[in-house]
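The values are calculated or read from the model by the stated rules, or taken from the named source; none is laboratory data. Remember, it's a predicted structure, so these values are computed and weren't measured experimentally. No Cβ is skipped: glycine too gets one built from the backbone with ideal geometry, and neighbour counts run over all protein chains shown. Heads up: the accessible areas ignore ligands, DNA and RNA and are worked out on the full protein's heavy atoms, side chains in. Shrake-Rupley method; radii C 1.70, N 1.55, O 1.52, S 1.80 Å.
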Amino acid sequence: MATSAAGSAQWWGRLQEGTGRATLQELGKNGPVLMALSEVYAKAMGEELRALAAVASEALLVGGVEEIPGIQRVPADAGLRHALGGTLTSLNVRMAASWLQHCEDGQLTSPATSGSWKKWAASESRPEQHNRKPMTDDEVITFVRQQTASQPGISRTRLLRQLRAEGRACEQSRFANLYIKTVGQS
């Protein structure tokens, strides 16, 4: 995977070359298209999404990064995570599955389907709030030392989960770096 928008688009283009798979534009000519995409993938697929928008009669993008005329978009809503379950990583897919349950008239992007979804989402969306206390690097290192001494073999992921469950805050990559600095690679 590339690290820039241009690199991501190039990566997507190369992935599509020679795969024998239909393009989004070809799919859009044949019927409704439902996509659940992260911001990163939507950026990489920007050109193909615009080509789809030019030909599709029904196209729905759950997640994505921007509005594209010709494609109905449902932005990711982390507030729906409690209603749909799971992690933020797979939220767009669960939102798309829930959207399909609201297709009462069999139309992917009809006003009835959109209205049903919007009514449900408005009643279920609950912004996530974490009132955790930020920690200094020294406090995180002390926590890691104490917990790994009392719980030998505890994974870094479980340790971060435990720290957060105790009402303390540390960003995941920062915690990983401090954990490795304290315990070593494991």
Original post:
Which residue pairs have Cβ atoms closer than 9 Å, lie 6 or more positions apart in sequence or on different chains, and pair a first residue in the range 61-88 that is among the basic types (Lys, Arg) with a second residue that is open to solvent by less than 10 Å² (accessible area, probe 1.4 Å) and not in a helix (DSSP H, G or I)?
Top reply: 73/60; 73/61; 73/62; 73/63; 73/64
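For the condition at pLDDT 95 or above and of a type in the set (S, T, N, Q), what is the one hit in 57, 98? Steps first, please.
Working: 57 fails: at pLDDT 95 or above.
From the options 57, 98, the qualifying one is 98.
Looking at the range 102-119 only, could you name the residues that are touching a residue at least 24 places away in the same chain (Cβ under 8 Å) and part of a helix (DSSP H, G or I)? If you could, list the steps in order and put the result at the bottom.
So the first thing to find is which residues in the range 102-119 are touching a residue at least 24 places away in the same chain (Cβ under 8 Å), and the list is 107-109, 114, 117.
Across the range 102-119, the qualifying residues are 114, 117.
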Subject >> Looking only at the range 28-50, and only at residues there that are at pLDDT below 95 and among the small types (Gly, Ala, Ser), the one that is surrounded by the most Cβ atoms within 10 Å (Cβ to Cβ) >> reply: 44
**OP:** Given the conditions (1) more than 22 Å from the chain's Cα centre (by Cα); (2) modelled with pLDDT under 95; (3) not in a loop (DSSP other than H, G, I, E, B), report the number of the one that residue 157 does not fulfil.
**Re:** (1)
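Quick one: how many residues across the range 120-139 are without any contact (Cβ under 8 Å) to a residue 40 or more places away in the chain and either more than 25 Å from residue 77 (Cβ to Cβ) or in a loop (DSSP other than H, G, I, E, B) (or both)? Write out each step before concluding.
Start the filter on the range 120-139 by keeping residues that are without any contact (Cβ under 8 Å) to a residue 40 or more places away in the chain, which leaves 120, 122-123, 129-136, 138-139.
Adding the requirement that they be either more than 25 Å from residue 77 (Cβ to Cβ) or in a loop (DSSP other than H, G, I, E, B) (or both) leaves 129-136, 138-139.
The total comes to 10.
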**OP:** Scan 149, 165 and give me the residue that is of a type in the set (A, V, I, L, M, F, W, C), open to solvent by 70 Å² or more (accessible area, probe 1.4 Å) and farther than 26 Å from residue 76 by Cβ.
**Re:** 149
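Counting just the residues of the range 106-127 that are open to solvent by less than 90 Å² (accessible area, probe 1.4 Å) and not small (Gly, Ala, Ser), which one comes out farthest from the chain's Cα centre (by Cα)?
Narrowing the range 106-127 to residues open to solvent by less than 90 Å² (accessible area, probe 1.4 Å): 106-110, 112-117, 120-125.
Of the ones still in play, those that are also not small (Gly, Ala, Ser) are 107-109, 113, 117, 120, 124.
Numbers: 107: 25, 108: 21, 109: 21, 113: 22, 117: 19, 120: 20, 124: 18 Å.
Per the criteria, the residue is 107.
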